[in-house]
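Chemist: I am attaching a structure below and will ask some questions about it afterwards.
The values are calculated or read from the model by the stated rules, or taken from the named source; none is laboratory data. Here the structure is a predicted model, which means the values were calculated and not measured. With ideal geometry, Cβ positions are generated from the backbone for all residues, glycine too; neighbour counts draw on all protein chains shown. In case anyone asks, the SASA skips ligands and DNA or RNA and just uses the protein heavy atoms, side chains included. Shrake-Rupley method; radii C 1.70, N 1.55, O 1.52, S 1.80 Å.
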Amino acid sequence: MPSPDKVTDLPSAVATHVGNGMTVALEGFGHLIPFAAGHEIIRQGITNLTFCRMTPDILAEVMIAAGCVRRLVASFFASGSAGSLHEVRRRVEHSDPAPLEVEEYSHYGMVCRYQAGAAGLPFLPLRSYAGSDLPRLNPMIRKVADPYGGPDIYVVPALRPDVTIVHAQRADRAGNVQMWGIIGAQQEAAYAARTVIATVEEVVDEDVVRSDPNRTVLPSHAVSAVVECRGGAHPSYAQGHYDRDNAFYREWTPISKERDAVLRWLDEWVHRVPDRAAYLEKLGPERWESVRVDPRTSQPVNFGRRRVVA
């Protein structure tokens, strides 16, 4: 029996699986950040989201500025090591133009939350919070007695997003998603979720995936929709395809300092750009060429008629 074809376009994937008021996770730890999907959520005017992400960076800023996010569940607030998140600061420190609910954890605390959700557990213990102020600031971080007689230990609750969105290098039409490089918490966040959307640099034949099965981070049973979306992680990077656009991150800090500048950027780069192809065209060949990488042994190559991985 043939596997179902899960390939669709990005507007359809978002319209089908993401709705107002949902809890959504857009993961990617510096690498493979699903920017294109976030921009599509903005274009569709989806609001009142609980947005979950380790290291909420520019992706969180633009979605918050666009009015999509009511609550931010995250760890380590920074613009990809290039500066502060001024839109987030305005809302948290001054409720400008509106307050933002924040639930903060450590990186490992977020990973443990996803792991608990993926495993169907109510919570997960960890030692990271000893000596930290986070348990005082976040009442969801709690201390429980060790049932085996040891000292009390901190626990974090399971995180079960309605939708997790990830970006990856490739997938086949059945939804077997392959990633390499820094993986982050994509796998845990996906298995914790009810629905998973994977945007990928390319959709490949099943034979390509089967030729290198160790790269399959998310098998087809965990994935609801696959979208071919070249450049879907820009300005972050996709190993083997393009580098991080460091200039973009440096440019964002002065934009972020002024809310009007953020809104102008959203209008120019999201609302007036219908899709990722148009975004890349607007970015221009010279800018795209500056982050393009040369072929590596980690990339697919051709030997005769069948594509395999070197």
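Chemist: What part of the accessible area of the chain, given as a whole %, is carbon or sulfur when the probe is 1.4 angstrom?
Modeler: About 50 percent, which is the carbon plus sulfur part of the accessible surface.
Chemist: Sticking with this structure for a sec: Treating the beta-carbon of each Lys and Arg as +1 and of each Asp and Glu as -1, no other charges, what is the dipole magnitude of the stretch 29-172 about its Cα centre, to the nearest 20 debye?
Modeler: Approximately 140 debye in magnitude.
Chemist: Right, next: Kindly report the accessible area of the stretch 1-43 per residue (heavy atoms of protein chains, probe 1.4 Å, no ligands, DNA or RNA), in Å².
Modeler: 37 Å²
Chemist: Let me know the shape class of the chain, please: from the alpha-carbon gyration tensor, a ≥ b ≥ c as square roots of the eigenvalues, rounded when a/c is under 1.5, otherwise prolate if a/b is greater than b/c, or oblate.
Modeler: Oblate shape, in that a/c is at least 1.5 and b/c is the bigger or equal ratio.
Chemist: Please state the relative contact order of the chain as a whole percent: Cα pairs under 8 Å, 6+ residues apart?
Modeler: Taking the mean separation of contacting Cα pairs over the length of the chain, I get 21 percent.
Chemist: Let me ask another. Using only Cα atoms, locate the centre of the stretch 208-254 and the centre of the stretch 9-47, then give the distance between them in Å, rounded to an integer.
Modeler: Between the Cα centres of the stretch 208-254 and the stretch 9-47 lies a distance of 14 Å.
Chemist: Collect residues whose amide H, placed 1.01 Å from N in the peptide plane, falls under 5 Å from the amide H of M22; neighbours closer than 5 in sequence don't count.
Modeler: Residues meeting the amide H criterion: T50.
Chemist: For a quick check: with amide H placed at 1.01 Å from N, whose amide H comes under 5 Å from V7's, ignoring anything fewer than 5 positions away on the same chain?
Modeler: V226
Chemist: Continuing with this model, one more query. Please state the shape class of the stretch 1-133: rounded when a/c is under 1.5, otherwise prolate if a/b exceeds b/c and oblate if not, all from the C-alpha gyration tensor.
Modeler: oblate
Chemist: If amide hydrogens are placed 1.01 Å from N in the peptide plane, which non-local residues have theirs closer than 5 Å to the one on Y237?
Modeler: L32, I33
Chemist: Still on this structure: Using a 1.4 angstrom probe with every protein chain in place, what is the largest-first accessible-area order of W269, W252?
Modeler: Of W269, W252, the descending order of accessible area is W269, W252.
Chemist: Please compute the modelled spin-label separation between A145 and E289, points set 7 Å along Cα→Cβ, answer in nm with one decimal.
Modeler: For the pair E289/A145, the computed spacing is 7.0 nm.
Chemist: Here is a further query. Expressed in nm to one decimal, what extension gain is obtained for the pair S95 and K257 from 0.36 nm per residue of sequence separation less their Cα-Cα distance?
Modeler: 56.8 nm
Chemist: Rolling a 1.4 Å sphere over the protein heavy atoms, what is the accessible area per residue of the stretch 122-223, to the nearest Å²?
Modeler: Each residue of the stretch 122-223 exposes 46 Å² on average to a 1.4 Å probe.
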